[in-house]
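First up is the structure itself, then whatever we jot down about it.
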Amino acid sequence: ATPTALMVGVGRGAQLGILIKGQAALEASGRIDTIVLDKTGTVTLSTPRVTGVEVAPGEDRVAVLRLAAAIEAGSEHPIAAAITTAAAGRVTDLPEVRDYRTLPGRGAAGLVDGRAVSVGSAGLLDDLCITVPAWATDTVETAEHDGRTVVFLVRDDEVIALFCIADDVHPSAKDALVRLTRMGLHPVLLTGDSTAAARRVAGELGIDDVRAEVLPDEKADVIAALRGQGHRVAMVGDGINDAAALGTADLGMAIATGTDIAIRSADIILVRDDLTVIADALALAQRTLRTIH
Ligand code: ADP
Ligand code: MG
């Protein structure tokens with residue numbers, strides 16, 4: 001009877017948009033008590049938008065957009081798509097980027113016309129030992145106050161533009177959190193984004209436990225620490241930066257539209273574009289396990 005019940009569970013999952021990779025995943029789902037949710041692209045829409053671009057005095061707006069779009073063309077991050085989309089109307093040809101690299105949890109960088117160019121968070125500025133320039137402070141403060149994400153464009157150690165990004169919560173996120181909480185799960189919001197942006201999203205969803213400004217390799221440490229405290233942890237994520245954490249969790253769940261590496265690292269792939277699928281997956285696992293044991 002055991003293999004049959006598992007097959008039924010896997011089959012039922014497929015109907016619900018839940019792809020279960022193996023028996024181990026179902027077994028692990030049984031006694032989960034903590035659900036860790038990545039923010040960007042998981043509880044927020046995978047399509048953030050640029051709501052404002054501010055350019056340093058003396059810089060040309062189109063030239064700046066070209067530079068930012070050229071770097072972001074190489075990145076899989078949802079913010080990269082927002083910036084390339086914002087540039088698409090105004091910029092035609094993109095300059096060549098050499099030595100492109102992603103800066104995990106920070107942004108992306110490369111050489112354009114022999115000059116170092118990078119795009120990324122306030123943490124990127126810290127890494128480069130650059131402070132926010134005077135022309136930008138008002139916008140940065142307003143964005144922080146509104147819980148918006150700010151992304152900086154840096155050329156040769158100088159901030160030449162900033163992008164304000166709107167990262168709206170998925171329309172299903174609130175219902176999803178209500179269901180998860182009702183199931184007795186403790187929700188944690190885990191993100192590489194700023195504390196201000198994380199708090200805004202957490203506030204909208206009623207999540208008290210917020211871990212922000214966490215670098216990709218530290219995300220796995222957060223999961224390991226929770227497990228070390230005796231919790232059984234499920235993690236939901238979409239990004240390259242979530243892969244290690246998904247592998248560390250008792251149960252890793254990847255959003256199907258996420259990056260390949262997140263999908264490879266997960267036990268369950270969530271195909272339905274609706275976050276209540278998370279609760280469905282856990283409930284299905286519990287039902288299936290009850291049938292077996
Ligand atoms: P999350 O954990 O919420 O998915 P990430 O760890 O992927 O966030 O990213 C953390 C922060 O790093 C983002 O909020 C953004 O500020 C910055 N960042 C990462 N990748 C990029 C990129 N390609 N372009 C611009 N900013 C980026
Ligand atoms: Mg993400």
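About the Cα centre of the range 188-293, how large is the charge dipole given +1 on each Lys and Arg Cβ and -1 on each Asp and Glu Cβ? Please answer in debye to the nearest 20.
Details: 10 positive and 16 negative charges, 81 e Å.
Dipole of the range 188-293, to the nearest 20 debye: 380 debye.
Assuming a ≥ b ≥ c are the square roots of the Cα gyration tensor eigenvalues, decide whether the range 49-166 counts as rounded (a/c under 1.5), prolate (otherwise, with a/b larger than b/c) or oblate. Could you put the intermediate results ahead of the total?
Values: a/c = 1.36, a/b = 1.24, b/c = 1.10.
Rounded shape, in that the Cα axes give a/c under 1.5.
Which aspartates and glutamates, on any chain, are close to Lys39 with Cα under 13 Å apart, when same-chain ones fewer than 8 places away are left out?
Asp167, Asp168, Asp193, Glu204, Asp209, Glu213, Asp238, Asp242
Given the -39500 (n - 2.57) contribution per DSSP H run of 4+ residues, what per-residue ellipticity at 222 nm results for the chain, rounded to the nearest 500 deg cm²/dmol?
Working: 12 runs with 123 residues, N = 293.
Calculated at 222 nm, the ellipticity per residue is -12500 deg cm²/dmol.
Report, in degrees rounded to the nearest 10, the 0 to 90 angle that the Cα long axis of helix 276-292 makes with the longest principal axis of the chain.
Rounded to the nearest ten degrees, it is 30.
Can you pull the percent of Cα pairs in the chain with separation above 34 Å? Write down the numbers at each step before the final one.
Details: 10766 of 42778 pairs.
So the pairs more than 34 Å apart make up 25 percent of the total in the chain.
Decide, for the range 93-222, between rounded, prolate and oblate: order the square roots of the alpha carbon gyration tensor eigenvalues as a ≥ b ≥ c, take rounded if a/c falls under 1.5, and otherwise choose prolate if a/b is larger than b/c, else oblate.
Since a/c reaches 1.5 and a/b is larger than b/c, the shape of the range 93-222 is classed as prolate.
Out of His77, Leu128, Thr102, whose Cα points farthest toward the positive end of the dipole of the chain (charges: +1 Lys, Arg; -1 Asp, Glu; placed on Cβ)?
His77
Within the chain, what is the longest stretch that has no trypsin sites (Lys or Arg not before Pro) placed in a DSSP loop and near at most 14 other beta-carbon atoms within 10 Å?
On the way: sites that count: Arg31, Arg90.
Here the longest segment lacking exposed loop sites spans 91-293.
Determine the relative contact order of the range 120-266: mean sequence separation of Cα pairs under 8 Å and six or more apart, normalised by residue count, in whole percent.
On the way: 220 pairs, mean separation 21.0, N = 147.
Once normalised by length, the contact order is 14 percent.
Neighbour counts of other C-beta atoms within 10 Å: give me Thr92, Thr181 arranged from fewest to most.
Listing Thr92, Thr181 from fewest to most nearby Cβ atoms yields Thr92, Thr181.
Cross-link candidates for Lys21: which lysines have Cα within less than 17 Å, leaving aside residues fewer than 8 places away along the same chain?
Those lysines meeting the cut-off do not exist here.
Between the range 124-193 and the range 217-279, what's the alpha-carbon centroid distance in Å?
Here the answer is 20 Å between Cα centres.
Could you point to the residue in Leu226, Ala245, His145 farthest towards the positive end of the range 129-254's charge dipole, with +1 and -1 charges on the Cβ of Lys/Arg and Asp/Glu respectively?
Value computed over the given set: Leu226.
Computed from the coordinates by the stated procedures, all read-outs in this text should not be read as laboratory data. On a predicted model such as this, the values are computed, not experimentally measured, just so you know. Don't worry about glycine lacking a Cβ; one is built from the backbone with ideal geometry, like all the others, and counts go over all protein chains shown.
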